[in-house]
Protein chains: 2
Amino acid sequence: MKKIVIVGSGTIAAATARLIAKKCSEYFQCSIIARNSVTARLICDDVLRDYNTVMAWHECNALDRENLARILRWSEAELVINLATPDTHLEVMGACLDSNCHYLDTALFEAESDFNVSPPWYQPEKQLKSSFSEAGLTALLSIGFDPGIVNCFCAKAQKDDFDEILEIDLLCANNGTHGHFFATNFNPSVNLKELCEETSYREAGLWHTAPAFSRSRRYCMPGVGEHLMYSVGHEEVHSLAEKFPSATIEFWMRIGDQFRQTLQTLERIGLVSREKIMVRDVQVAPIDVLAALMPEPSSLATTYRGQVCVAVVIKGRKQNVTSSMIYYSVCSHEACFEDIGAHVTAYTTAVPAVAAAQMILEGHWNAKTLVHPEELEPDLFLERISELGMSWKASLLPTTISSNGEIINVDVETEFAQTFA
Amino acid sequence: MKKIVIVGSGTIAAATARLIAKKCSEYFQCSIIARNSVTARLICDDVLRDYNTVMAWHECNALDRENLARILRWSEAELVINLATPDTHLEVMGACLDSNCHYLDTALFEAESDFNVSPPWYQPEKQLKSSFSEAGLTALLSIGFDPGIVNCFCAKAQKDDFDEILEIDLLCANNGTHGHFFATNFNPSVNLKELCEETSYREAGLWHTAPAFSRSRRYCMPGVGEHLMYSVGHEEVHSLAEKFPSATIEFWMRIGDQFRQTLQTLERIGLVSREKIMVRDVQVAPIDVLAALMPEPSSLATTYRGQVCVAVVIKGRKQNVTSSMIYYSVCSHEACFEDIGAHVTAYTTAVPAVAAAQMILEGHWNAKTLVHPEELEPDLFLERISELGMSWKASLLPTTISSNGEIINVDVETEFAQTFA
């Protein structure tokens, strides 16, 4: 039994705990450390009731490095899965160094006040690389679905398919419906900020930025159909740019019209702002008020219907032949809920986080320094996520993928069936 | 010099103080009583600087009847113009009774929690009618533009034009632009609630209600052109229904598409709610957060361009002939700003409030009981508002006013010029 700790008690933390309880309870002895002991305790109650698995919980603000390190030492934790808010990452990494503990998270560190951070991102985390190297500890950054698995897809394409990678388009399309007027799949404060920020992308070895919603493409993707996708600033573009410095790299996300219009309305009024304002006699940040009015993200799972496709379309060269590959995974909200009571976003973050924890503790991914997923050997990890419930596929794309007018058709399951037959 | 007190220090209070300072400083000695001494003091500073008029200010929560009465007695006030939030009306009326003081306001009493109050309105105020009668004091309710002047238009039409009034359509269209994405002309909390409530209207002697934005008409009006107007629950419908119990009565307001869509989005998310919610560690009402983010209503005046038309279209019978009249006033934001630094909404509430205060103190309107404007003799009052800056007109309408397909054309200044020539 490996002792690990989940920091956080939100939507993703709950799904991760449930996944461990259902599928790896022989392997992990898991505790939960969270600022909010009510939600932490609820998770422990749930996994005991549903999977007969015991987990312990501790109350601790993840920003309190000293106290957190004390609890980690007391827990004899070998690894921390940090699923608390993104502003906690540096302190939790510090606590791991203090308590001789491996670390992984599933997204970028972001200070509360960060907005439109200039590329490349991950600079604050990098400051800690030498400390992890010296301590011989692994810190694996952003190992969710996207970022995370998609980075590993790129590593695999480089290893198996291409001598040189020229273009990487990261795609994320959720065609699900949950019946709520306005909701996010994870922490609204983090999610809405991401969508309001300018996008950053790589072209010809240079960074470019553009206003939110100013760059869009229409894609047809496996399992989800045709969608208008917007360029959004996303973690993996920034770490992949380091591994593939001359490649064109951009992240595209499906954002529905109603959601986008609502978000833009809220933003214009100032309701997405994190800056506290005076309201009668109290100080409050508008985004926190908005978040408090929105559905709790994990609650969406019960009514969610539909599928999510996350894909990487990679154009590269091998022996002077240029071609394009798609690596992708399609997950259904219903199937994820059926499996562990979570929606796709939570499920597909929990699976790679748990697989990565195993990989590190088994030594396969024990890098003994701070790394991004694309720096590690992808094959065994990609097997593991399949075993844990996330199947994925890779496929060669037709030479011209922009076949249908303005729609970029990468739906290898439907549209090209004959071509591939 | 008549000693009067303005209660409140918002947009309308500021305009009223400035109007008095500019045009009636020989007649009124005015003080301001407000919960917020900062804004009250600002008004006093402004009128001293701009019009060389001295006003005093006192800090007092208008809901504190006892303290308010004490200040009114100390001020030797003969009349209170209550321009504080609508939840204060009953307490301020009580303080007037306690201090032997006449009372007027410009809108309905509304408790904070009131929403979709069943018709007819004004029931809480009516409870105080006998007290005002016994004290020989006048309480004049809702003497703004609409409600207020429009009620007097109806009284005048009954006196001069018709034996019997059959239909009253109250119209309010603002074609102004102020350059803000989302703003209200007065207290956002009060204004937005009004627009989210169901509408109530009279038909064939009965009350009817319908969801917000569910009833609309397209009108072409003097000075502002053609607009889609929505049926909105409004004060004057409720008091006029008592005077004209068998008439059809409805209030129609122009609400622009962008404003309506934004409001409906905010409402669906819960941001128009007055119910306090827990946000992190504080309690706050979403509507107050929204209001805090919106432009301060009086600040719109500086950039406002365009006109407002408020009209009453009255169909009636005289000696067995049925005809329709329009009584209306068109005001421009620029002219109001030029005159006293206020936009039309503030200006056209201040003018009738000040004229009514004069009428009461001079004895013309000293009803010595609680009354609505339509119960009083309208002619001198309508002269006075003209003198104070609000010109108005009355005109016979063509027999069929619905001349242009679905558009109800009541623009007697443009469209019917030939007919009337």
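The values are calculated or read from the model by the stated rules, or taken from the named source; none is laboratory data. Just so it is clear, the structure is predicted and the values come from calculations on it, not from any experiment. As a convention, Cβ positions derive from the backbone with ideal geometry for all residues, glycine included, and neighbour counts pool all protein chains shown. Side chains included, ligands, DNA and RNA excluded: accessible areas come from the protein's heavy atoms. Shrake-Rupley method; radii C 1.70, N 1.55, O 1.52, S 1.80 Å.
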Quick check: is even one residue across region B:253-260 open to solvent by less than 20 Å² (accessible area, probe 1.4 Å), on the phi < 0 side of the Ramachandran plot, in contact with a helix residue (DSSP H, G or I) (Cβ under 8 Å, 6 or more places away or on another chain) and without any contact (Cβ under 8 Å) to a residue 24 or more places away in the chain?
-> no
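Does region A:298-309 contain any residue that is of a type outside the set (Gly, Ala, Ser), more than 10 Å from chain B (Cβ to nearest Cβ) and either under 13 Å from residue A:184 (Cα atoms) or without any contact (Cβ under 8 Å) to a residue 24 or more places away in the chain (or both)? Give the derivation first.
Filtering region A:298-309 for residues of a type outside the set (Gly, Ala, Ser) gives A:300, A:302-305, A:307-309.
This time we only want the ones that are more than 10 Å from chain B (Cβ to nearest Cβ), so: A:300, A:302-305, A:307-309.
Narrowing the set further to residues that are either under 13 Å from residue A:184 (Cα atoms) or without any contact (Cβ under 8 Å) to a residue 24 or more places away in the chain (or both) leaves A:300, A:304.
There is at least one residue in region A:298-309 that is of a type outside the set (Gly, Ala, Ser), more than 10 Å from chain B (Cβ to nearest Cβ) and either under 13 Å from residue A:184 (Cα atoms) or without any contact (Cβ under 8 Å) to a residue 24 or more places away in the chain (or both).
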Filtered residues of region A:233-262 (kept if more than 8 Å from every other protein chain (Cβ to nearest Cβ), of a type in the set (Ser, Thr, Tyr) and assigned to a helix (DSSP H, G or I)) = A:239
Matching option when the condition is surrounded by 19 or more Cβ atoms within 10 Å (Cβ to Cβ) and more than 14 Å from chain B (Cβ to nearest Cβ), among A:313, A:289 = A:313
Residue B:225: in contact with an Asp or Glu (Cβ under 9 Å, 6 or more places away or on another chain), more than 14 Å from chain A (Cβ to nearest Cβ) and surrounded by fewer than 17 Cβ atoms within 10 Å (Cβ to Cβ), yes or no?
-> yes
How many of the residues in region A:355-382 are open to solvent by less than 20 Å² (accessible area, probe 1.4 Å) and free of Cβ contacts under 8 Å to residues at least 60 places away in the same chain?
-> 2
All positions within region B:331-354 that are in contact (Cβ under 8 Å) with a residue 40 or more places away in the chain and either closer than 22 Å to residue B:167 by Cα or among the acidic types (Asp, Glu) (or both) | B:339
Only one of A:406, A:413, A:383, A:377 that is of a type outside the set (A, V, I, L, M, F, W, C), over 15 Å from residue A:157 (Cβ atoms) and modelled with pLDDT of 95 or more | A:383
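Going through region B:1-17 one residue at a time, which ones are open to solvent by less than 40 Å² (accessible area, probe 1.4 Å) and among the charged types (D, E, K, R)? Full working, then the answer.
First, pick out the residues of region B:1-17 that are open to solvent by less than 40 Å² (accessible area, probe 1.4 Å): B:4-17.
None - no residue of region B:1-17 is open to solvent by less than 40 Å² (accessible area, probe 1.4 Å) and among the charged types (D, E, K, R), so the list stays empty.
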Tell me, which residue of region A:127-155 that is at negative phi and touching an Asp or Glu at 6+ places or on another chain (Cβ under 7 Å) is surrounded by the fewest Cβ atoms within 10 Å (Cβ to Cβ)?
-> A:155
Here are some conditions: (1) open to solvent by less than 30 Å² (accessible area, probe 1.4 Å); (2) modelled with pLDDT of 95 or more; (3) more than 22 Å from residue B:181 (Cβ to Cβ). Residue A:297 meets all but one. Which one does it not meet?
-> (2)
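The rows are residues; the columns are (1) polar (S, T, N, Q); (2) without any contact (Cβ under 8 Å) to a residue 40 or more places away in the chain.
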{"position": "B:116", "(1), (2)": "yes, no"}
{"position": "B:123", "(1), (2)": "yes, yes"}
{"position": "B:128", "(1), (2)": "no, no"}
{"position": "B:133", "(1), (2)": "yes, no"}
{"position": "B:136", "(1), (2)": "no, no"}
{"position": "B:140", "(1), (2)": "no, no"}
{"position": "B:147", "(1), (2)": "no, no"}
{"position": "B:151", "(1), (2)": "yes, no"}
Touching a His at 6+ places or on another chain (Cβ under 6 Å) and among the hydroxyl-bearing types (Ser, Thr, Tyr) - does that describe any residue in region B:295-305?
-> yes
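Out of A:232, A:190, report the one residue that is surrounded by 14 or more Cβ atoms within 10 Å (Cβ to Cβ) and out of contact with any Phe, Trp or Tyr (no Cβ under 6 Å at 6 or more places or on another chain).
Numbers: A:232 fails: out of contact with any Phe, Trp or Tyr (no Cβ under 6 Å at 6 or more places or on another chain).
Only one candidate passes the filter, namely A:190.
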Any idea which of B:280, B:268, B:215 is free of Cβ contacts under 8 Å to residues at least 60 places away in the same chain, within 14 Å of chain A (Cβ to nearest Cβ) and out of contact with any helix residue (DSSP H, G or I) (no Cβ under 7 Å at 6 or more places or on another chain)?
-> B:268
Can you tell me which residues in region B:72-92 are free of Cβ contacts under 8 Å to residues at least 60 places away in the same chain and among the hydrophobic types (A, V, I, L, M, F, W, C)?
-> B:74, B:90
Residue pairs within 7 Å by beta carbon, gap of at least six or interchain, first lying in region A:157-172 and farther than 24 Å from residue A:220 by Cα and open to solvent by 70 Å² or more (accessible area, probe 1.4 Å), second at pLDDT 95 or above and among the basic types (Lys, Arg), listed first then second, are A:163/A:317; A:163/A:318; A:164/A:317
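Which is out of contact with any Lys or Arg (no Cβ under 8 Å at 6 or more places or on another chain) and not acidic (Asp, Glu), of B:229, B:278? Let's see the steps before the verdict.
Details: B:229 fails: out of contact with any Lys or Arg (no Cβ under 8 Å at 6 or more places or on another chain).
The match here is B:278.
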Please go through region B:123-136 and pick out each residue that is assigned to a loop (DSSP other than H, G, I, E, B) and touching a Leu at 6+ places or on another chain (Cβ under 7 Å).
-> B:128
Of (1) more than 21 Å from residue B:151 (Cβ to Cβ); (2) among the small types (Gly, Ala, Ser); (3) open to solvent by less than 50 Å² (accessible area, probe 1.4 Å), residue B:335 satisfies every one except (3)
Please work out if residue B:111 is surrounded by 14 or more Cβ atoms within 10 Å (Cβ to Cβ) and either among the charged types (D, E, K, R) or out of contact with any Ser or Thr (no Cβ under 7 Å at 6 or more places or on another chain) (or both).
-> no
Can you tell me which residue in region B:18-57 is most open to solvent (accessible area, probe 1.4 Å), limited to those that are more than 26 Å from residue B:360 (Cβ to Cβ) and basic (Lys, Arg)?
-> B:49
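For region A:146-156, indicate whether the set of residues that are farther than 27 Å from residue A:305 by Cβ and acidic (Asp, Glu) is non-empty. Don't jump to the end; show me each part of the working.
Looking only at region A:146-156, we keep the residues that are farther than 27 Å from residue A:305 by Cβ, and these are A:151-152, A:154-156.
If we keep only those that are acidic (Asp, Glu) too, we end up with none.
No, region A:146-156 contains no residue that is farther than 27 Å from residue A:305 by Cβ and acidic (Asp, Glu).
Keeping to region B:173-187, report how many residues are more than 14 Å from every other protein chain (Cβ to nearest Cβ) and open to solvent by 10 Å² or more (accessible area, probe 1.4 Å).
Let us first name the residues in region B:173-187 that are more than 14 Å from every other protein chain (Cβ to nearest Cβ), namely B:173-178, B:185-186.
From what is left, the residues that are open to solvent by 10 Å² or more (accessible area, probe 1.4 Å) are B:174-178, B:185-186.
The qualifying residues number 7.
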